[in-house]
Amino acid sequence: MAPETPGTENQALSNLLRENRRFAPPADLAAGANVTASAYDEAAADRLGFWERAAERLSWSKRWDTALDWNPPFAKWFVGGELNIAYNCVDRHVEAGRGDKIAYHWEGEPEGDSRTLTYSDLQSEVNKAANALLELGVRKGDRVAIYLPMIPELPISMLACARIGAVHSVVFGGFSASALQSRIEDADAKLVITADGGFRRGAPSALKPTVDEAVANTPNVGHVLVVRRTNQEITTHERDVFWNDLVERQSDKHEAEAHDAEHPLFILYTSGTTGKPKGILHTTGGYLTQTAWTHDAVFDLKPETDVYWCTADIGWVTGHSYIVYGPLANGATSVIYEGTPDTPHRGRFWEVVQKYQVTILYTAPTAIRTFMKWGDDIPAKFDMSSLRVLGSVGEPINPEAYVWYREHIGGNRTPVVDTWWQTETGAIMISPLPGVTDAKPGAAMRPLPGIVADVVDDLGNSVPNGGGGFLAIREPWPSMLRTIWGDDQRYIDTYWSRFEGMYFAGDGAKRDDDGDIWLLGRVDDVMLVSGHNISTTEVESALVSHPKVAEAAVVGATDPVTGQAIVSFVILRGDAEESADIAAELRNHVAKTLGPIAKPRQILVVPELPKTRSGKIMRRLLRDVAENRSVGDVTTLADSTVMNLISEKLPSAK
Ligand code: 6R9
């Protein structure tokens, strides 16, 4: 064992949380499951053969010669193969006689504002958009920045790019002009697709002025293609062209050309904690293979009968892989919802589930904890008996939130799949299979068939059952990032230098006594208290297991005695009263659940937590508060006023 001295890196992650609950798959789901336990054995016996069979689900214009060319850390999958992603996601379903099948039920934020797109509709829209891009001079390999709200033109634009082989870079609608500008510059985009604005929390919010500001200094952007969504007034410039004019007058016929399996498909920027954003590059054949296979396996998708809803923003990788590419490749019927869960009321999500008879719901722990805070009575008002599989992504799901989700949303019937993956992995890597796994609340369980993930110690050796360490991936996988756009060295340094021959994910993890994997948050967030490495996730889960707590964020703050001390920020449940001794009550609860070492030094009750647009808690900012520093860069916050609300709470806790 490594020495337990504060400050040394040689530290195992303490393993504090115990969880004994298990949820077996429902018998009917298990009996009809798309993927059964034998998939693990098949993939273990012949991993590349397994992925080749997954690739055969797609339609290739030319079959690949070699499954994998691995020149560490640079991978090429399905070498020599050629396919068109838009053809796979759209045309082939139409050709197979499923043109009238609904691809998207689009639900706008203003009530009553909805639109249905069949696969045939999608085909003509994508073709028109592809022809429009060509008219604007966009060619194969060119980069296109997309800055749109959650409207049908967003997936249509992405597919139009993929169709002609242009590389899209979708930027979250909430990002500032300078964030947009740096992404446009890094990728050297020649076109920006945007809208006048989008609807958010019941009001139109402008996008176009941000684009105008961003492109004022990017001379290589030849055109800005503008969708009219809100009809708010905008300033027009010479470079502007309007979707309604340009796209609408195009032919709805376009012959799709096949692209190389390794042709770049998209760049998606991850902010990272420091430095300039990393442009994660994904390519064509491997990406579509793994997103399609995992979408089918992890959600047990039955395309004929399921209505699938992933609530993520398409500007996040979850939306790319599990609203656009995976579901469309599988011919699914999906819901896209434009707005926020509390507009115009806090039951909006459940109203949408009821309206479209959603069968599979994929959302994030941050949303689930918010629903817990709002109270059980809200979902109880809606008929959600159609739901049969629930998914979670984005952060570790606290066991209590998992159980609440299963019970109050899933009517105690539905399996919950906790899916671990990253922008960099492109598709789900670690997750239960709903018809196979006896799932434990809070655990991502096992690597999917074909994925070789491990929990390793500081030296890169597998930890035994019961041990904690770092999550690493030992073998390349089809949808892995190929590099950081324009910066191979940064790709090597960031992901492949921590452990010899292994991908370093940057997450802490533990393997429990049964060998199942639990994710414990970002390694940067791990706290070192009196010589013990303690994960923020476990302390947060202990806090959330108290009946009065809906959400918690924990950070380590410098402490003269213990090196770091645990400081907790908690949001109480809707019906909980903030009593004078709540802090003491919660500190004792944590001590009882995890042991005295994990007892927070300080507990602050706050109204909100700082989160990114994809719902991840920004602990870095809370650390600034806990250590009495001025708060750092808040540009990627979903709501930048949150930090003021938290700082206001501070004196009362001292
Ligand atoms: C898909 C996505 C990646 C980071 C990842 C990890 C965290 C995502 C998780 C999870 C625990 C899960 N994360 N899913 N942690 N359990 N099921 O979120 O991509 O935005 O790139 O974030 O999110 O820390 O490293 P991305």
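The values are calculated or read from the model by the stated rules, or taken from the named source; none is laboratory data. Remember, it's a predicted structure, so these values are computed and weren't measured experimentally. Because the Cβ atoms are built from the backbone with ideal geometry, glycine has one as well, and the counts that use them run over all protein chains shown. Heavy atoms of the whole protein, side chains included, go into the accessibility calculation; ligands, DNA and RNA do not. Shrake-Rupley method; radii C 1.70, N 1.55, O 1.52, S 1.80 Å.
How many nm separate the modelled label positions at R474 and Q354, each set 7 Å beyond the Cα in the direction of the Cβ?
Using points 7 Å along Cα→Cβ, the separation is 5.0 nm.
Positive end of the dipole of the chain, charges at C-beta (+1 Lys, Arg; -1 Asp, Glu), about the Cα centre: which of H105, A542, G198 has its Cα farthest in that direction?
Positive-most Cα among the choices belongs to A542.
What is the helix-to-structure angle for 582-594, meaning the angle in degrees between its Cα long axis and the longest Cα principal axis of the chain, kept from 0 to 90 and rounded to the nearest 10?
90 degrees
Please compute, for the alpha-carbon atoms of the range 16-131, the extent along each of the three principal axes and give them in descending order in Å.
Cα extents, longest axis first: 47, 45, 33 Å.
Once amide H atoms are built 1.01 Å from N in the peptide plane, which residues 5 or more positions from V241, or in another chain, come under 5 Å H to H?
V224, L225, V226
Quote the convex hull volume per residue of the range 340-395, based on C-alpha atoms, as a whole number of Å³.
Values: hull volume 4.3 nm³, N = 56.
Cα-based convex hull of the range 340-395, divided per residue, equals 77 Å³.
How much length, in nm to one decimal, is gained on full extension between D188 and D559, taken as 0.36 nm per residue of separation minus their Cα-Cα distance? Walk me through the numbers before you get to the answer.
Values: separation 371, 0.36 × 371 = 133.56 nm, distance 4.57 nm.
Gain on stretching D188 to D559: 129.0 nm.
Where Rh is the Kirkwood radius over the Cα pairs of the range 25-72, the temperature 4 °C and the viscosity 1.567 mPa s, what D in µm²/s does Stokes-Einstein return?
99 µm²/s
If Lys and Arg each add +1 and Asp and Glu each add -1, what is the summed charge of the other residues whose beta carbon sits under 10 Å from the beta carbon of S579?
On the way: positive: K548; negative: E577, E578, D581, E585.
Its environment carries a net charge of -3.
Let me spell out the model: positive unit charges on the Cβ of Lys and Arg, negative unit charges on the Cβ of Asp and Glu, origin at the Cα centre of the chain. What dipole size does that give, in debye rounded to 20?
Details: 64 positive and 87 negative charges, 105 e Å.
Dipole of the chain, to the nearest 20 debye: 500 debye.
Mean 1/r over all different Cα pairs, inverted: what Kirkwood radius does the range 90-216 give, in Å? Don't jump to the answer; show the numbers that get you there.
Values: mean 1/r = 0.0644 Å⁻¹.
Averaging 1/r across every pair of different Cα atoms and inverting gives 15.5 Å.
What are the ³J(HN,Hα) couplings of the range 501-518, residue after residue, when phi is run through the Karplus curve with 6.51, -1.76, 1.60 and θ = phi - 60°? Round to Hz, x for glycine and proline.
Each residue's phi maps through the Karplus curve to give x, 10, 7, 9, 7, x, 10, x, 8, 9, 10, 7, 5, 8, x, 7, 9, 10 Hz.
Counting each pair of different Cα atoms once, what's the Kirkwood radius of the range 248-384 in Å, rounded to one decimal? Write out the running numbers ahead of the final one.
On the way: mean 1/r = 0.0579 Å⁻¹.
Evaluated over the range 248-384, this radius sits at 17.3 Å.
Calculate one ³J(HN,Hα) per residue across the range 252-266 by plugging θ = phi - 60° into the Karplus curve 6.51 cos²θ - 1.76 cosθ + 1.60, and present them in order as whole Hz with x for glycine and proline.
3J(HN,Hα) across the range 252-266, in whole Hz: 8, 10, 8, 7, 7, 9, 7, 10, 4, 4, 9, 5, x, 9, 7.
Give me, ordered by chain and number, the residues 5 or more places off R143 or on other chains with an amide H under 5 Å from its own placed amide H.
V167, K190
Would you rank E538, E585, E153, E111 by solvent-accessible area, highest first, keeping every protein chain in place and using a 1.4 Å probe?
E111, E585, E153, E538
So how much accessible area does R47 have, in Å² to the nearest 10, using a 1.4 Å probe?
Estimated to the nearest 10 Å², R47 gives 50 Å².
I'd like to check one number: the per residue accessible area of the chain, probe 1.4 Å, reported in Å² as a whole number. It would help to have the intermediate numbers written out before the result.
Values: 23290 Å² over 654 residues.
Accessible area per residue, the chain: 36 Å².
Report the extension gain between D458 and E95 in nm, rounded to one decimal, defined as 0.36 nm multiplied by the number of residues separating them, less their alpha carbon distance. Don't skip to the end; give the middle numbers.
Values: separation 363, 0.36 × 363 = 130.68 nm, distance 5.26 nm.
Difference between extended and current length: 125.4 nm.
Order the following by accessible area, largest value first: H589, H93. Probe radius 1.4 Å; ligands, DNA and RNA are ignored. Mind dumping the intermediate values first?
Numbers: H589 35, H93 5 Å².
So the residues, ranked largest to smallest area, are H589, H93.
If you take the Cα Rg of the range 537-590 and divide it by 2.2 N^0.38 Å, with N the number of residues, what do you get?
For the range 537-590, the normalised Cα radius of gyration is 1.17.
Whole-Hz ³J(HN,Hα) for each residue in the range 132-141, computed from phi via Karplus 6.51 cos²θ - 1.76 cosθ + 1.60 with θ = phi - 60°, x for glycine and proline: what do you get?
Going residue by residue, I get 5, 4, 4, 4, 7, x, 6, 10, 3, x Hz, with x marking Gly and Pro.
For D113, what is the net charge nearby, where nearby means another residue's Cβ is under 12 Å from its Cβ and Lys, Arg count +1, Asp, Glu -1?
That works out to -2.
Rounded to the nearest whole Å³, what is the per residue volume of the convex hull around the Cα atoms of the chain?
Values: hull volume 94.6 nm³, N = 654.
It is 145 Å³ per residue.
Quick one: if you stick a label point 7 Å off each Cα along the C-beta vector at D513 and L48, how many nm between them?
4.1 nm
Any idea of K302's accessible area? Nearest 10 Å², probe 1.4 Å.
Accessible area of K302: about 60 Å².
F78's amide H: which non-local residues (gap 5+, or another chain) put their own amide H closer than 5 Å, with H modeled 1.01 Å from N in plane and none for Pro or chain starts?
It is L68, D69, by chain and number.
Enter the angle in degrees (range 0 to 90, nearest 10) between the Cα long axis of helix 153-164 and the first principal axis of the Cα atoms of the chain, meaning the one along which they spread out most.
60 degrees
Working from the alpha-carbon coordinates of the range 367-519, get Rg over Rh, Rh being the Kirkwood radius.
Values: Rg = 17.4 Å, Rh = 16.8 Å.
Result for the range 367-519 is an Rg/Rh of 1.04.
Would you work out the charge dipole size for the range 384-471 about its Cα centre, treating the Cβ of every Lys and Arg as +1 and the Cβ of every Asp and Glu as -1, and quote it to the nearest 20 debye? The partial results should precede the final answer.
Values: 5 positive and 9 negative charges, 97 e Å.
Value, rounded to 20: 460 debye.
How far, in degrees from 0 to 90, does helix 285-298 lean away from the longest principal axis of the Cα atoms of the chain, to the nearest 10?
Helix 285-298 and the main axis of the chain meet at about 60 degrees.
Report the Stokes-Einstein translational diffusion coefficient (µm² s⁻¹, integer) for the range 249-293, Rh taken as the Kirkwood radius over Cα pairs, at 10 °C with viscosity 1.306 mPa s. Numbers along the way, then the final one.
Working: Rh = 13.2 Å.
D, rounded to a whole number, is 121 µm²/s.
Let me have the 222 nm mean residue ellipticity of the chain computed from DSSP H runs of 4+ only, each contributing -39500 (n - 2.57), with the sum over all residues rounded to the nearest 500. Write out the running numbers ahead of the final one.
Working: 19 runs with 171 residues, N = 654.
For the chain, the value works out to -7500 deg cm²/dmol.
For T235 and A584 in one chain, what is 0.36 nm times their gap in residues minus the Cα-Cα distance, to one decimal in nm? Let's see the in-between values first.
Numbers: separation 349, 0.36 × 349 = 125.64 nm, distance 5.59 nm.
Here the answer is 120.1 nm.
Apply 1/(1 + (r/R0)^6) to the Cβ-Cβ distance of R21 and Q489, taking R0 = 56 Å, and write down the FRET efficiency to the nearest 0.05. Don't skip to the answer; put the middle values down first.
Values: r = 46 Å, r/R0 = 0.82.
About 0.75, to the nearest 0.05.
If R₀ is 35 angstrom, what is the calculated FRET efficiency for the pair A37 and W496, using the beta carbon separation as r and rounding to 0.05?
On the way: r = 32 Å, r/R0 = 0.92.
The computed FRET efficiency comes out at 0.60.
Rounded to the nearest 10 Å², what accessible area does V94 have for a 1.4 Å probe in the complete protein model?
40 Å²
Quick check: Cα centre of the range 487-522 to Cα centre of the range 383-419, how many Å?
Each part's Cα centre sits 26 Å from the other's.
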